[in-house]
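Report on the following structure.
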Amino acid sequence: MAEAVIAGIAGKIVTYLVPQALENVGKLWGVKHELEVLRVTVSTLQAILEDAEEQYHQSPQIKVWVDELKEAFYDAQDVLEEFNIEAMRLELRGHNEMMKEVRTFFSSSNQLAFKMKMSYKLRAVRVRIEAIKADKGFHLDERPKREWRKREETHSFIRKEDIRGRDEDKKVVMEFLLDSNVQENVSELADPELVRSVPSTVGCCESAAASPSRPSLSILPIVGIGGLGKTALAQCVYNDDIVSKHFNLKMWVCVSDDFDITKIVKNMIACAKKKEPTEVAMERLQSELREGIDGKRYLLVLDDVWNVEQETWLSLKTLLLGGARGSKILITTRLPLVAKITGTALPHLLEGLSESASLELLMQMACCKQEEIQEPDMLAIGKDIVRKCSGVPLAVRTIGSLLFKKNKHEWSQFKEKELLNVSQREDGIISILKLSYDHLPSHLKQCFAFCSLFPKDYEIQKQTLVDLWMAEGFIQQSNRGQHLEDIACGYFEDLLWSNFFQDYQEDNETCKMHDLMHDLACLVARTECWVAWDDTKSIHERTRHISYGSTFNLRGEFLISCSKASVLRTFLNVASYWEMKLMSEADLCQLIQSFKRLRVLDLHENNVEKVPRSICKLKYLTYLDLSGNHKLKRLPNSIMRLQNLQTLNLEGCSVLEELPRGIRKLVSLRNLDIDGCWKLSYLPNGLGQLSSLQRLARFILPKNKALDKNYCRLGELNGLNNILGSLCIENLGSVIDAEAESKAANLIGKHSLESLKLEWSNFDTDDAVIGDRDEMLLDGLRPHSNLQKLRIKGYKGESFPRWMTDSLVSSLPKLVEVYFSGCERCKHLPPLGQLPHLKTLKISGLTKLEYIESDRSSTSAASFPSLLELEINNCMKLKAMPPAPHLERLSLYGAHPALINMIVDLNKLKRLVIWGMESLECVPEEY
């Protein structure tokens, strides 16, 4: 990981930290000069880091040099971050207004002391870096762009006996190859199991179905992680006698990471004509290729495709359209994204071998005698071994080779001893998987290696991982206009598409790592990351990241053993709540005193009762997770001195009573999670000054109007236009000036908001006054047109504003889910049936509701064109709604039974619940 980390730190120093420090320091010349010299020094080294990274594992001398430089870069990062943090602290201490130029603060008395302190630290770290640079006794090339290591070129030949457990896979591929009627059907490629969350902007090739007026070309990608046998399967069908007779021409091209059209075309011509092409110009080559395939039914295998741009692929595909009907292309790749771009048929996802097939292959590779294959003890040992291989043929082959002609006792010894460490050996399957890692850019390498902190089979939350990467400074922001979180999510998707993650669940956004991938992460992380499952082992002094679990004891002896690792940056909890022990205030004080350079402190579900005031000493801290600590009532005011803090997670702190009033001082805060903080009845003033805030799930207005001047009002939302995801505004009934405050909230300016909940808690008794106020309030709370989910609860108005009635479709065209509850005075709802994408509609407790606007006389199936789920609860006056042609789930609780007539097609209905109805006489007999 060291070789990947160093490039990331260097980039951050040059592009972000030094420029920020220069902006803060202004014309304070002594410090400014040191900063500029440091930037030049690091920039010069940046140019050779790519070469150093590539040679890191080959040269002990380079490895030592890189490790020393990495430590110096870490220290430089600490100094620069300290400089910028101190500048923020001085600014907040010296001004009543936020975010003024720091240079105006550095007057007479403070200027000299600040200059001397920072000049000394900057000079010391610069001199150290220059000394390491001068000590480089070897040559490194300047490489502006990484030259990825290539896999050994493949070929089409394979022996039949080398294929095990792939009969069904071969059958599927053979059927594809021999079917001359296969047409392009790209629309099916949106299969969630394959593409997961591939952006819609990355389209598949050309069209959803092959037009009769143009040549048809069928393309089947074979997708799977390294070592599964994609190439072997392609070789098997390529050499099948039936396939050979079916096609007039066969071509095999190993593409690897270099998708060069000229090179691919040359190799195709060489296969077609059995000789190397003499032409070099692409114009001549493409003519020669089309001439070679014209009118022929051909099979082309593009093996080991790593990356391809859509336009580049379409350029090559155009050259391949001259073949006869039934021409086919097979593509082997590890990347589902490549399959999405290139495929015209659903990709064939290659799974691991079955246990029986793996065992058979193991026995074959070990050259076991017939009597050994049938011996029960030998088989039992073999089964234990192949389970470790997770169905990866290459892993089975590697271990089988190690057990070549060995007896049962040696097999047993291997299983009990060497097998436990096989994942730590940089050979066999790990070296193949490491090839995938080697192809990653530096920023993805450190993100992947960081995942070694999670246990095997751990369910990783995407959002948590993204927040951690941001907190660690792993995210490279090349354009100031880009949101860091969007870039981080892109990193996650890159690793997901590359099969470093698996089992992605789109509904709750979680994933896991394959055991072999986890082994690889541990291998490349080396001493940079340490999993503290055993607190008896000493931590390496250069370890930067620690995770801890249920068997880990934070106290005394562990902290003494960690005393050398004062540079620790991450303290991550990966244990379950019921496994954790009580963490006292004294334990936390000792932890803070020992590790003052922490960026990430994860204490979730640790039974923390009190956070010590000394928390402010962690001035570098960017991520603090205190979620699930059900005894935590308050946070110390000193926490407001953490000016670098980006994430503060308090979810599930059920007895937390208040947040510190100085919250405006957390100027870097991006994420504030207070879900499940049920005793929290208001938010402090100043929240609206946190311009970096992106996630705020709950905005709590004070129930007591007397507190209105001292705590958050709706106007605090005005400038928080970067809020992402969901937002719930609570206690709207306490708003006094409905028109002014609702407009001041500026919800229409929050373009990234996906889900909005508006909740009223009314304390007035005059329904007419409440109703008029609520109608005025809702009129001003119009959200941005990007909104996808809307929930309105406790609204006391009789009607809805024009943006919900006259122009609902244009105001909120992307709505997919709507929920009305407790709107007791409403007699009608907006024209929801006109919403083109509405999939879920829930209506509860609208006791006076009679109809949905513009639908009273309409029975057209054009209403609710996308509705799949309808739930109506306690709305007995609503007797009719237009039919929903695609309805799959209908739930009626205390509702009029006539609503069952919304069902158009019984065959589409998957769930029907009818409960609490006095009469079902109007329900048709077929129900």
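The values are calculated or read from the model by the stated rules, or taken from the named source; none is laboratory data. It should be emphasised that the depicted structure is a prediction, and the values quoted were computed from it without experimental measurement. Accessible surface is based on the protein model in full, side chains and every heavy atom, while ligands, DNA and RNA are left aside. Shrake-Rupley method; radii C 1.70, N 1.55, O 1.52, S 1.80 Å.
Tabulated data
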| item | result |
| --- | --- |
| In Hz, Karplus ³J(HN,Hα) per residue of the range 867-879 (6.51, -1.76, 1.60; θ = phi - 60°; x = Gly, Pro) | 5, 10, 9, 10, 10, 10, 9, 6, 9, 5, 7, 7, 9 |
| Karplus 3J(HN,Hα) series, Hz, for the range 449-461 with 6.51 cos²θ - 1.76 cosθ + 1.60 (x for Gly, Pro) | 4, 4, 5, 5, 6, 7, x, 4, 6, 7, 7, 8, 7 |
| The range 215-356, accessible area per residue, ligands and nucleic acids excluded (1.4 Å, Å²) | 37 Å² |
| Using θ = phi - 60° and Karplus 6.51 cos²θ - 1.76 cosθ + 1.60, couplings along the range 296-306 (whole Hz; Gly, Pro as x) | 9, 7, 10, 10, 10, 10, 9, 9, 6, 7, 9 |
| Cα gyration tensor shape of the range 239-278, rounded if a/c is under 1.5, else prolate or oblate by comparing a/b with b/c | oblate |
| Volume per residue that the Cα convex hull of the range 624-738 spans, once the total is divided by residue count, Å³ | 94 Å³ |
| Sulfur and carbon atoms: percent of accessible area, the range 305-361 [1.4 Å] | 52 percent |
| Solvent-accessible area per residue, Å², over the range 569-652 with all protein chains present [probe radius 1.4 Å] | 37 Å² |
| Too-long pairs where the Cα-Cα distance tops 30 Å, listed order kept, from 133/596; 757/827; 12/789; 117/631 | 12/789; 117/631 |
